[in-house]
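Engineer: Can you keep this structure in mind? I'll have questions shortly.
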Amino acid sequence: MAEREYAYYSGCSLEGTAVEYDMSMKLVLEALDVNLKEPEDWSCCGSTPAHTVDHVLAAALAARNLSIIEKMGTDTVTVPCPSCLSAFKRAHLGMAGDASFKDQVNDLIDEPYNGGVISKSTLQIMYEDIGLEEVAKKVTHALPDLVVAPYYGCILTRPPEIAQFDDPENPVSMDKILEAVGVKVSSFVFKLECCGAAFGVPKRDMVNRLTAKVLSMALDSGANCIAVACPLCQQNLDLRQSQVNALMGTNYNIPILYFSQIVGLTYGLTPKELGIDKLIVSADDLIRSRITVEELAQNKAAAEAEEKARKAKQKEDKTKTEET
Amino acid sequence: MRVGVFICHCGSNIAGTIDVAKVAAEMRKVPGVAFATNYMYTCSEPGQDEIKEAIKREKLNRIVVAACSPRMHELTFRRTIEKAGLNRYFLEMANIREHISWIGLDKEANTNKAIESVKMAVAKAMNNKPLYSQSFKVNKRVLVIGGGVAGMQAALDCADGGLEVILVEKSPSVGGMMARLDKTFPTIDCSICILGPKMVDVAQHDKIKLYAYSEVDDIKGYVGNYQIKIKKKATYVDWVKCTGCGACMEKCPAKNSYDHFNFGVAPTRAINIPFPQAIPKKAKIDPNYCRQFVKGKCGVCAKICPTGAINYEMQDEIITEDVGAIIVASGYGLVDMDKFPEYGAGRYPDVITGIQYERLLNASGPTEGHILRPSDKTEPKTVVFVSCAGSRDKSCGIPYCSNFCCMYIAKQAILTKDHIPDSQSYVFYMDIRSPGKGYDEFTRRAQEDYGAKYVRGRVSRIYPKGKKMVVVGADTLLGTQVEVEADLVVLATAVTAAPGAPQLAEKLHISYDTFGFYVEGHPKLRPVETNTAGVYLAGCAQGPKDIPASVGQGSAAASKVQALFSKDMLESDPAVAKVNENTCVGCLKCIMTCPFGAVKEKELRGGRIVANVIETVCAGCGVCTATCPCGAIQLSHFTDNQLLAEVNTICQK
């Protein structure tokens, strides 16, 4: 019997370019005894294209899904993609705060949405509902070579009145989760800097310059990979890395992993089932260092013993010199 | 009963949206009204003369003036009818300006409402009784709360005028914020050099009694006769024995104590004298850091002190002082850096506040006047100033301008160049606000002579990159984004009310605004008075202001006290509660509800217990009248009968 149950709305990206986010997220949540229920006949969340044209239409697209979830009898939906999440929250809060807006939206959809669904990111349920302690308990493996720059992107915690999660300017939830599973996290100041988002289509050069800044700051912070929680951030940082190199004359080669993939690796899941092979910039070299926690403990003990022996020898040498 | 009604046009303020002639005509139909008229400005000299003449000509014995708020002119018209031989409490005002003409544009509705309002006033006036003031003695001592420059100026002016002054300062030394500044704009004269002598005068003046490291605990009484409880906080050092030698401070092992005087820009010792010019120059222990208090053992200062002044057992002490007037100069606070997550929320050591930078510039500061950045104690070559950090920012809850930041940033930019000639300053600003004498020339000098680069635009974020702080902002004149790699960033953090300002206001029974600043009696005409008789304001407690304005207010408040104390006797307000001893059952619930302690128990000759109101203490709030189960306690001038007469009038159709 699973401990927790949520509706799980994957959204379009996780069926396509971000399928590895979906694979890894589901496996990690399964390991954490979370039961996920996929809403029947879900549709577009109403993200970017709709809300640039019409807020009612955008909310209606989201509310159609929320209405389906409401009928499933689940009060919380967990959403891996921040863009979907933001669309859901905007629709929900907009309808809750304005009765006439709610009526306009409900007029457009078959079944009305009555405001009974809470939307949370998968990051939020791991951080707040499941908790760091539970997340840490499932760890079987260590990644000693990894130094991760946690990258949250623009909308996971902002605007604060919509996101209602973590610190809007200095989020720490992903940092804490990664630290809980034993991964080294760098002190990264560009956690929220713009990745260029969907401007990759109309203004590719601008996006490449923005991504270059994020990559360079990650390297400056001492990281050798970046953890993300957003399909679009992942795409801009990973897929466009060669474009960045071509445009800026740089030589970046930084793996961009979903935070769920990193957590999955520490849970002993295979790179294949976590979709690591689907990344453009290969992470294979980095994760080859993976060992079990027992091995890590042995290595640590051995290193300590060696250090002790070295110190003892130093002391011995010192006394000898003093004697002579 | 012959009531006279005077409807004021107040230019077009009232007549613009009320048919004043119609109101007057309607009043003439009201039984008891012998005369009704309307006039352009009733408060003007001819307007007042008309009232006086009408009283004589028409033999009027009650007067109703329908005009502005009684707050504005009740006293004016009371004096007018008194001159014509009527008791001043025979006046009644109907506020048809603030309550009617200013708030609605529908002339017909306004006129109807005005008619009802004036009718109510007529009904009340007909029930008004003559009341007579008592006179009482004034205690000619003054309490000044706050020993910053405004409070010290007020204290010195009062004392020089011969008044005894009690000066209460909550920190261990007088001087306030000004004592922390390095130089002052626009003259670049040394702040402590001009303030120090004043501090010494305060300490040495035989009319001034200084309570440093003390707070006002409780205030009882009324204008002319206040009883003040002052809490002398425990310093753990006997200030009679302490010579201020500083030996304890040198030897104290608790070296990482928070330095309140330096706003934490560098640590201090747990036992310390805040700064070399401190008045009084005495040591004080911070029990949050002292090892004797935290760990229960140390005692180094007790061993080292040559006069044996250390006393770890010291307790707070309550002292009572009687005064006749109070000047509140309790100063200001600064918004916390954690309000600015986009600027690092205080996490980056090289992002500091303006007052912290002031301490780095100051020769008696922690770096002895060498500008060294906090992280690595190196000299910054590029300094970025961010003005309006919080000010004029609704998202911070601070919509107002902090008044003096534009000027001190210009000053700090000039001083930075003086200290480090090969440095470059950048100032991000919204507007440059420099309206004082010589101020605009000063900000121009910072730009033209000292090469400070002024960038018009807001800073969106600050982040560290290696040893530099990258400041990202907009240049709205060029329409581009700008990034400056700075060594040090100075935020001009917004001025807020002093911590605890609302609580002090409640003790004083004075009003404060949404932001905690104290409200003056009138924004233009009574700038240092409050609406509570005997309580005056000076300095930033009333709102952000610079040194000249604070000093001006300190002197102004002192002169107001002098004027108050020029009389030996004051007149009490007779509009206070009165007990009808025949109907009082002696339940004494009124004693429990009176917020001023004005009701006392009284034994009649037959041994019956009744309530008794001390007229001079009663503030006339009326809480007791609402409490009394048998209507025995009545507020004069607002009795049940008087108020019911008004209610009956509007209920009749």
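The values are calculated or read from the model by the stated rules, or taken from the named source; none is laboratory data. Owing to the predicted nature of the structure, the values given are computational and were not obtained by experimental measurement. So basically every Cβ, Gly included, is an ideal-geometry build from the backbone, and we count neighbours across all protein chains shown.
Engineer: Which one is surrounded by the most Cβ atoms within 10 Å (Cβ to Cβ), of the residues in region B:379-420 that are of a type in the set (Phe, Trp, Tyr) and closer than 14 Å to B:Thr443 by Cβ?
Structural biologist: Out of the qualifying residues, it is B:Phe385.
Engineer: Quick one: A:Thr122 ticks every box in (1) over 25 Å from A:Ala62 (Cβ atoms); (2) surrounded by 15 or more Cβ atoms within 10 Å (Cβ to Cβ); (3) modelled with pLDDT of 95 or more bar one, so which box is it?
Structural biologist: (1)
Engineer: Condition check: buried (at least 16 other Cβ atoms within 10 Å of the Cβ), acidic (Asp, Glu) and within 30 Å of B:Glu116 (Cβ to Cβ). Does B:Asp573 satisfy that?
Structural biologist: Answer is yes for this residue.
Engineer: Could you say whether any residue in region B:331-354 is away from chain A (no Cβ under 14 Å), assigned to a helix (DSSP H, G or I), in contact (Cβ under 8 Å) with a residue 40 or more places away in the chain and not aromatic (Phe, Trp, Tyr)?
Structural biologist: Yes, because at least one residue in region B:331-354 is away from chain A (no Cβ under 14 Å), assigned to a helix (DSSP H, G or I), in contact (Cβ under 8 Å) with a residue 40 or more places away in the chain and not aromatic (Phe, Trp, Tyr).
Engineer: I would also like to ask the following. Report those strands (runs of 3 or more DSSP E) wholly inside region B:116-213 carrying at least 2 residues which are surrounded by 24 or more Cβ atoms within 10 Å (Cβ to Cβ).
Structural biologist: Once the strands (runs of 3 or more DSSP E) in region B:116-213 are filtered for at least 2 residues that are surrounded by 24 or more Cβ atoms within 10 Å (Cβ to Cβ), what remains is B:141-145, B:164-168.
Engineer: Does any residue of region B:6-20 turn out to be among the hydrophobic types (A, V, I, L, M, F, W, C) and part of a helix (DSSP H, G or I)?
Structural biologist: So far as region B:6-20 goes, yes, one or more of its residues are among the hydrophobic types (A, V, I, L, M, F, W, C) and part of a helix (DSSP H, G or I).
Engineer: Right, next: Right, B:Tyr408: more than 14 Å from chain A (Cβ to nearest Cβ), among the aromatic types (Phe, Trp, Tyr) and assigned to a helix (DSSP H, G or I) or not?
Structural biologist: yes
Engineer: Let me ask another. Which of (1) in contact with a Phe, Trp or Tyr (Cβ under 6 Å, 6 or more places away or on another chain); (2) among the hydrophobic types (A, V, I, L, M, F, W, C); (3) more than 14 Å from chain A (Cβ to nearest Cβ); (4) surrounded by fewer than 20 Cβ atoms within 10 Å (Cβ to Cβ) is the odd one out, the single condition B:Val455 does not satisfy?
Structural biologist: Result: B:Val455 fails condition (4) only.
Engineer: Can I ask one more? Could you identify the single residue in A:Ala163, A:Ala142 that is surrounded by 18 or more Cβ atoms within 10 Å (Cβ to Cβ) and more than 29 Å from A:Lys37 (Cβ to Cβ)?
Structural biologist: A:Ala142
Engineer: I need the full set of residues from region B:113-143 which are over 30 Å from B:Lys231 (Cβ atoms) and polar (S, T, N, Q), in order please.
Structural biologist: B:Ser117, B:Asn127, B:Asn128, B:Ser133, B:Gln134, B:Ser135, listed by residue number.
Engineer: Output yes when any residue across region A:207-226 is charged (D, E, K, R), within 22 Å of A:Pro82 (Cα to Cα) and outside any helix (DSSP H, G or I), and no when none is.
Structural biologist: Within region A:207-226, the subset charged (D, E, K, R) is A:209, A:213, A:220.
Still in the running and within 22 Å of A:Pro82 (Cα to Cα): A:213.
Going one step further and asking which of them are outside any helix (DSSP H, G or I), we end up with none.
No, region A:207-226 has no match at all.
Engineer: Would you point out the residue of region B:355-377, among those that are assigned to a loop (DSSP other than H, G, I, E, B) and among the aliphatic types (A, V, I, L, M), that is farthest from the other protein chains (Cβ to nearest Cβ)?
Structural biologist: Restricting to residues being assigned to a loop (DSSP other than H, G, I, E, B) and among the aliphatic types (A, V, I, L, M), the top hit is B:Ala363.
Engineer: Let me ask something else about it. Looking at (1) in contact with a strand residue (DSSP E or B) (Cβ under 7 Å, 6 or more places away or on another chain); (2) surrounded by 21 or more Cβ atoms within 10 Å (Cβ to Cβ), can you tell me which one B:Asn110 breaks?
Structural biologist: Going through (1) in contact with a strand residue (DSSP E or B) (Cβ under 7 Å, 6 or more places away or on another chain); (2) surrounded by 21 or more Cβ atoms within 10 Å (Cβ to Cβ) one by one, B:Asn110 breaks only (1).
Engineer: Shifting gears a bit: Where the second residue is of a type in the set (Phe, Trp, Tyr) and modelled with pLDDT of 95 or more and the first is surrounded by fewer than 24 Cβ atoms within 10 Å (Cβ to Cβ) and in a helix (DSSP H, G or I) and lies in region B:62-73, which pairs have Cβ atoms under 9 Å and are six or more apart or on separate chains?
Structural biologist: As it stands, the answer is B:Pro70/B:Phe77, since those pairs meet every condition given.
Engineer: Now a separate question. Any residue in region A:246-260 that is over 30 Å from A:Ala50 (Cα atoms), under 15 Å from the mean Cα position of the chain (by Cα), hydrophobic (A, V, I, L, M, F, W, C) and buried (at least 19 other Cβ atoms within 10 Å of the Cβ)?
Structural biologist: No: region A:246-260 contains no residue that is over 30 Å from A:Ala50 (Cα atoms), under 15 Å from the mean Cα position of the chain (by Cα), hydrophobic (A, V, I, L, M, F, W, C) and buried (at least 19 other Cβ atoms within 10 Å of the Cβ).
Engineer: Would region B:281-300 turn up any residue that is more than 25 Å from the chain's Cα centre (by Cα), within 15 Å of B:Ser171 (Cα to Cα), assigned to a loop (DSSP other than H, G, I, E, B) and of a type in the set (A, V, I, L, M)?
Structural biologist: Yes.
Engineer: Hey, another quick one. Could you go through region A:137-157 and let me know if any residue there is under 18 Å from A:Leu257 (Cβ atoms), in a loop (DSSP other than H, G, I, E, B) and within 14 Å of chain B (Cβ to nearest Cβ).
Structural biologist: Checked region A:137-157: at least one residue is under 18 Å from A:Leu257 (Cβ atoms), in a loop (DSSP other than H, G, I, E, B) and within 14 Å of chain B (Cβ to nearest Cβ).
Engineer: Right, next: Select from region B:214-237 the residues that are outside any loop (DSSP other than H, G, I, E, B) and touching a Leu at 6+ places or on another chain (Cβ under 8 Å) and list them in ascending order. It would help to see each step written out before you state the result.
Structural biologist: From region B:214-237, those outside any loop (DSSP other than H, G, I, E, B) are B:214-222, B:225-232, B:237; that's our starting set.
Of everything in region B:214-237, those that are outside any loop (DSSP other than H, G, I, E, B) and touching a Leu at 6+ places or on another chain (Cβ under 8 Å) turn out to be B:Val216, B:Ile219, B:Tyr226, B:Ile228.
Engineer: Report yes if A:Ile130 is touching an Asp or Glu at 6+ places or on another chain (Cβ under 9 Å), in contact (Cβ under 8 Å) with a residue 60 or more places away in the chain and away from chain B (no Cβ under 14 Å), otherwise no.
Structural biologist: yes
Engineer: Search region B:458-489 for residues being more than 16 Å from A:Glu193 (Cα to Cα) and free of Cβ contacts under 8 Å to residues at least 12 places away in the same chain, and hand back the single one that is nearest to the other protein chains (Cβ to nearest Cβ).
Structural biologist: Filtering first and then ranking leaves B:Gly466.
Engineer: Something else about it: Taking into account only those residues within region A:240-279 that are touching a helix residue (DSSP H, G or I) at 6+ places or on another chain (Cβ under 6 Å) and of a type in the set (Gly, Ala, Ser), which is farthest from A:Thr122 (Cα to Cα)?
Structural biologist: Filtering first and then ranking leaves A:Gly275.
Engineer: Check off (1) surrounded by fewer than 22 Cβ atoms within 10 Å (Cβ to Cβ); (2) in contact with a Lys or Arg (Cβ under 6 Å, 6 or more places away or on another chain) for B:Ala36 and give me the number that stays unchecked.
Structural biologist: Single failed check for B:Ala36: (1).
Engineer: Looking at A:Ser173, A:Ser187, A:Ser221, can you tell me which residue is over 14 Å from the mean Cα position of the chain (by Cα), crowded, with 17+ Cβ neighbours inside 10 Å and under 26 Å from A:Arg290 (Cα atoms)?
Structural biologist: Step by step, each of A:Ser173, A:Ser187, A:Ser221 is checked, and only A:Ser221 is over 14 Å from the mean Cα position of the chain (by Cα), crowded, with 17+ Cβ neighbours inside 10 Å and under 26 Å from A:Arg290 (Cα atoms).
Engineer: Determine, yes or no, whether B:Thr496 is hydroxyl-bearing (Ser, Thr, Tyr), more than 11 Å from the chain's Cα centre (by Cα), at pLDDT 95 or above and crowded, with 19+ Cβ neighbours inside 10 Å.
Structural biologist: yes
Engineer: Is it the case that some residue within region B:238-246 is outside the structural domain of B:Cys618 (by TED's automatic domain parsing) and in a strand (DSSP E or B)?
Structural biologist: No, region B:238-246 contains no residue that is outside the structural domain of B:Cys618 (by TED's automatic domain parsing) and in a strand (DSSP E or B).
Engineer: Still on this structure, I have one more. Identify all residues within region A:1-30 that are of a type outside the set (S, T, N, Q) and either surrounded by fewer than 17 Cβ atoms within 10 Å (Cβ to Cβ) or in a strand (DSSP E or B) (or both); write none if there are none.
Structural biologist: A:Met1, A:Ala2, A:Glu3, A:Arg4, A:Glu5, A:Tyr6, A:Ala7, A:Tyr8, A:Glu15, A:Gly16, A:Val19, A:Glu30
Engineer: Restricting to region B:337-361, and then to whatever is modelled with pLDDT of 95 or more and within 29 Å of the chain's Cα centre (by Cα), can you tell me which residue is surrounded by the fewest Cβ atoms within 10 Å (Cβ to Cβ)?
Structural biologist: Top of the filtered list is B:Ile355.
Engineer: Let me ask something else. Name the residues in region A:176-213 that are within 14 Å of chain B (Cβ to nearest Cβ) and touching a residue at least 12 places away in the same chain (Cβ under 8 Å), would you? Working first, answer last.
Structural biologist: Filtering region A:176-213 down to residues within 14 Å of chain B (Cβ to nearest Cβ) leaves A:186-194, A:206, A:209-210, A:213.
Result: A:Ser186, A:Ser187, A:Phe188, A:Val189, A:Phe190, A:Lys191, A:Leu192, A:Glu193, A:Cys194, A:Arg209, A:Leu210, A:Lys213.
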